[in-house]
Amino acid sequence: MTTTTTFGVRVEGLHKSFGQNEVLKGIDLKIEPGEVVCIIGPSGSGKSTLLRSMNLLEVPTSGSIYIGDREITAGGADINELRSHVGMVFQSFNLFPHMTVERNITVSLERVKGLSSAKAKDVAAARLSEVGLSSKASSRPFNLSGGQQQRVAIARALAMEPGIMLFDEVTSALDPELVKGVLNIMIDLAKRGMTMVVVTHEMGFARQVADRVVFMDRGVIVEQGPPDELFISPRSERLRSFLSEVL
Amino acid sequence: MNDFINMFFNIELITKVLPDLVGVGLMNTLILAVSATAIALAFGIVIAMALISRHRWLNWPARIYVDLLRGLPVILTIFLIGQGLPYMGVQPFGPSAYPYGIISLGLIGAAYMAEIFRSGIQSIHHGQLEAARALGMPYTTSMAMIVVPQGIRNVFPALTNQFIGIVKDTSLVYVLGLAVGERELYRIGQDMSQRVGNLSPLVAAGIVYLIITVPLTYYVNWLDNRLRTGRVPVIVEEPATKAIASEGAKA
Ligand SMILES: Nc1ncnc2c1ncn2[C@@H]1O[C@H](COP(=O)(O)OP(=O)(O)OP(=O)(O)O)[C@@H](O)[C@H]1O
Ligand SMILES: [Mg+2]
């Protein structure tokens, strides 16, 4: 898995409201190229909203976000071009059910990157082999297990050669025995130097893989630091009580 | 009883009307229905996209169009459009009423198809559009490649139903006045029935309609059933053995 350029992320003074409901209340976060950051926190604290802001699936109410050295929140930014460099994997896989596994990967290669059909198929084959699913290229998504679908979704995102990957609770919808296959792929990706922002409930994964853990609650970052520090000696009462519930 | 059979099922009259019914009427009915459906599908999808648009200048006109044409009786709309266009001097197809019949049915059909397309498109989980957009596909590409094809598949039975409706509605086009060779099934049955004072030719026309519509109805039911029950997914998880996966496991 070659990563061409990895991007860092800079989030400055990010606010996001849905109607009257202010979900992000001033987020500042800097992520270095190649860094793996896990975001943890209680349900509804704004983790997904923060992550989805990083490829503008949510449009910030105010504040700015830089991917690499480009400000994506600046007016006139080419959103589609930007997104083709930012991979995202969802909790619910979101594979395209009317397409084969291979086509799921080639469609954006052809339509967004302008690859020829033959070249796109080569890339798809390579990515599928990396996630151990070469034999499923011509299957339909609904004939795959959840774990296999999520591995295809990761392969699909990686095929675009992103400089950063966003993961939103990608194992939460999986049966426990299927979680490991997906996490192993993410662990490998991290080792290869991909910048990763991972919203997760998998504290084991955060501990093992994250360079930094960010704890969010009620729309703010309450505490952040290396996993060992954060998990072993949490400074805030909120993180202590959160950890006592999830660990 | 004999009177009844003679009035509705006079074999002689039925045999007499059959060549015209099949040779002229059936052909015209199918041409009218298929052309009108083509217009309805093409225009219907455009209106559907406007219906789901967030821009009010797309949304409102589409909404009004759909409400109007679905709210009016078909025969009234056929009159308004079919006589109105030529009356206003819009006669791109010459004076024949036939093309205006097709346009009228097509425009009415588009209103119904638009609502069907809209519901189909909106039944697709939002995650599909998000996944496509997250890969960098523009909105129109995402809709065209990912969302709309799935939406259409979900409403294919309803669209076929609409086609059946259009087949039946072609029987109203005669109000615009059709030349002899342009007459569709109903008009041919009706013409002879009036001439001979017997309803058997009309019954014959009815039977030809049924031969088209009833099998289609059963086809729709079958499709619907298959879509509803869905295919049973075969779920087999195999261990992730290849390249990364195994390396990762050692980590
Ligand atoms: N599109 C939306 N419209 C309105 N409210 C929203 C929308 N998306 C999220 N919210 C609200 O924003 C808040 C934060 O949601 P978010 O999904 O970011 O939380 P989260 O930390 O990811 O939670 P979870 O762990 O349950 O996924 C919630 O109160 C949610 O109801
Ligand atoms: Mg979430």
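Among the residues of the range B:87-98, the one identified as open to solvent by less than 30 Å² (accessible area, probe 1.4 Å) and either more than 16 Å from B:Thr29 (Cβ to Cβ) or out of contact with any Asp or Glu (no Cβ under 8 Å at 6 or more places or on another chain) (or both) is B:Gly94. Reported count of residues in the range A:96-123, each being facing another protein chain (nearest Cβ under 9 Å) and either within 16 Å of ligand 1 (Cβ to nearest atom) or open to solvent by 10 Å² or more (accessible area, probe 1.4 Å) (or both), is 6. Filtering A:Met186, A:Met196 for residues that are within 14 Å of chain B (Cβ to nearest Cβ), under 15 Å from A:Val9 (Cβ atoms) and open to solvent by less than 20 Å² (accessible area, probe 1.4 Å) leaves a single hit, A:Met196. Under the condition of being more than 8 Å from chain B (Cβ to nearest Cβ) and either within 15 Å of B:Glu130 (Cβ to Cβ) or in contact with a Gly (Cβ under 9 Å, 6 or more places away or on another chain) (or both), the residues counted in the range A:70-81 number 2.
Residue-by-condition table, conditions (1) facing chain A (nearest Cβ under 9 Å); (2) in a helix (DSSP H, G or I); (3) under 21 Å from B:Ile75 (Cα atoms); (4) open to solvent by 20 Å² or more (accessible area, probe 1.4 Å):
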position: B:Ile108; (1), (2), (3), (4): no, yes, yes, no
position: B:Tyr112; (1), (2), (3), (4): no, yes, yes, yes
position: B:Ile116; (1), (2), (3), (4): no, yes, no, yes
position: B:Glu130; (1), (2), (3), (4): yes, yes, no, yes
position: B:Pro149; (1), (2), (3), (4): yes, yes, no, yes
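Anything in the range B:136-163 that is touching a Leu at 6+ places or on another chain (Cβ under 9 Å), of a type outside the set (Val, Ile, Thr) and farther than 29 Å from B:Pro215 by Cα? List them, or say none. B:Gly136, B:Tyr139, B:Ser142, B:Met143, listed by residue number.
If you go through the range A:28-57 one residue at a time, how many are open to solvent by 10 Å² or more (accessible area, probe 1.4 Å), within 14 Å of chain B (Cβ to nearest Cβ) and away from ligand 2 (no atom under 14 Å from the Cβ)? Total meeting the criteria: 1.
Can A:Ser145 be described as within 7 Å of another protein chain (Cβ to nearest Cβ), under 18 Å from A:Gly181 (Cα atoms), open to solvent by less than 40 Å² (accessible area, probe 1.4 Å) and not aliphatic (A, V, I, L, M)?
Details: within 7 Å of another protein chain (Cβ to nearest Cβ): yes; under 18 Å from A:Gly181 (Cα atoms): yes; open to solvent by less than 40 Å² (accessible area, probe 1.4 Å): yes; not aliphatic (A, V, I, L, M): yes.
Judged against the criteria, A:Ser145 is a match.
The listed residues are B:Gly136, B:Gly120, and the only one of them that is within 14 Å of another protein chain (Cβ to nearest Cβ), at positive phi and surrounded by 20 or more Cβ atoms within 10 Å (Cβ to Cβ) turns out to be B:Gly136. Residues in the range A:161-183 that are facing another protein chain (nearest Cβ under 10 Å) and more than 16 Å from ligand 1 (Cβ to nearest atom): A:Pro162, A:Asp175, A:Glu177, A:Leu178, A:Lys180, A:Gly181, A:Val182, A:Leu183.
Applying the condition of being touching a Lys or Arg at 6+ places or on another chain (Cβ under 8 Å) and either among the β-branched types (Val, Ile, Thr) or within 12 Å of ligand 1 (Cβ to nearest atom) (or both) to the range A:60-82 and asking which residue is most open to solvent (accessible area, probe 1.4 Å) yields A:Thr61.
If only one of B:Leu178, B:Leu210 is out of contact with any strand residue (DSSP E or B) (no Cβ under 9 Å at 6 or more places or on another chain) and open to solvent by less than 40 Å² (accessible area, probe 1.4 Å), which one is it? Answer to the selection: B:Leu178.
None of A:Glu102, A:Glu81 is more than 16 Å from ligand 2 (Cβ to nearest atom), out of contact with any helix residue (DSSP H, G or I) (no Cβ under 9 Å at 6 or more places or on another chain) and of a type in the set (D, E, K, R) except A:Glu81.
Can we say B:Gly82 is over 23 Å from B:Met143 (Cα atoms), among the small types (Gly, Ala, Ser) and crowded, with 18+ Cβ neighbours inside 10 Å? So B:Gly82 fits the description; yes.
The values are calculated or read from the model by the stated rules, or taken from the named source; none is laboratory data. These numbers were taken from a predicted model, which means no experiment stands behind them. Counting neighbours? That spans all protein chains shown, and the Cβs are built from the backbone with ideal geometry, glycine included. In case anyone asks, the SASA skips ligands and DNA or RNA and just uses the protein heavy atoms, side chains included. Shrake-Rupley method; radii C 1.70, N 1.55, O 1.52, S 1.80 Å.
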